[in-house]
Amino acid sequence: MRSLAARELDAEASLSTETRRRSTFLLIRSYIHRNYHDPALTPRNVAAAHFISPRQLHRLFEAEGITAAAYIRGRRLAEASRRLADPAQYTTSIQTIAQRCGYTSAAHFSRSFSAAYGMAPREYRELEHRQQLDTELRSLTLPPAAGRDPIPA
């Protein structure tokens, strides 16, 4: 077991600084994607889970042009928008969706969502629902393709 660990450490040490940085960033990004729903997911907790300082975490994200907090918020909001647009979750309350995406306050969720998407979560859900219904209606009323019998034999 020790030899395996030593080989892993030697292999990591032989990687370039940029490769190690990129690998760490991808691990952290994956961690955030798996844990976005946890309200305790903060940059400080992400850093602690990866045995790095919050400053090191900040530098990793800075190199990608975003802050760790903004990345977490963006992941949560992207998942919330997906759920709000999902017809199977149309009857799920917006507060429940917010909680499932890591928000403990419905008001904070609503402000964050509105800032990111330019409309309140309820408006977004209704717009998506109307667009989906319009698409379904159009697919039902399209004329048959030329040369095809509209009623199959």
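The values are calculated or read from the model by the stated rules, or taken from the named source; none is laboratory data. All of these numbers come straight from a predicted model, not from anything done at the bench. Cβ: placed from backbone, ideal geometry, glycine included. Neighbour counts: every protein chain shown. In case anyone asks, the SASA skips ligands and DNA or RNA and just uses the protein heavy atoms, side chains included. Shrake-Rupley method; radii C 1.70, N 1.55, O 1.52, S 1.80 Å.
A few comments on the model shown:
- Taking the listed residues 85, 63, 146, the one that is farther than 30 Å from residue 19 by Cα and either modelled with pLDDT under 95 or polar (S, T, N, Q) (or both) is 146, with no other qualifying.
- Of the residues making up region 58-83, just one is of a type in the set (D, E, K, R) and outside any helix (DSSP H, G or I), namely 64.
- The number of residues in region 93-133 being over 21 Å from residue 33 (Cβ atoms), surrounded by 14 or more Cβ atoms within 10 Å (Cβ to Cβ), at pLDDT 95 or above and among the polar types (S, T, N, Q) comes to 3.
- Close contacts from region 30-47, counting a first residue that is touching a residue at least 24 places away in the same chain (Cβ under 8 Å) and a second that is open to solvent by 50 Å² or more (accessible area, probe 1.4 Å) and part of a loop (DSSP other than H, G, I, E, B), with Cβ to Cβ under 7 Å and a gap of 6+ residues or different chains, come to 39/104.
- Matching option when the condition is modelled with pLDDT of 90 or more, farther than 24 Å from residue 100 by Cα, part of a helix (DSSP H, G or I) and among the charged types (D, E, K, R), among 34, 55: 55
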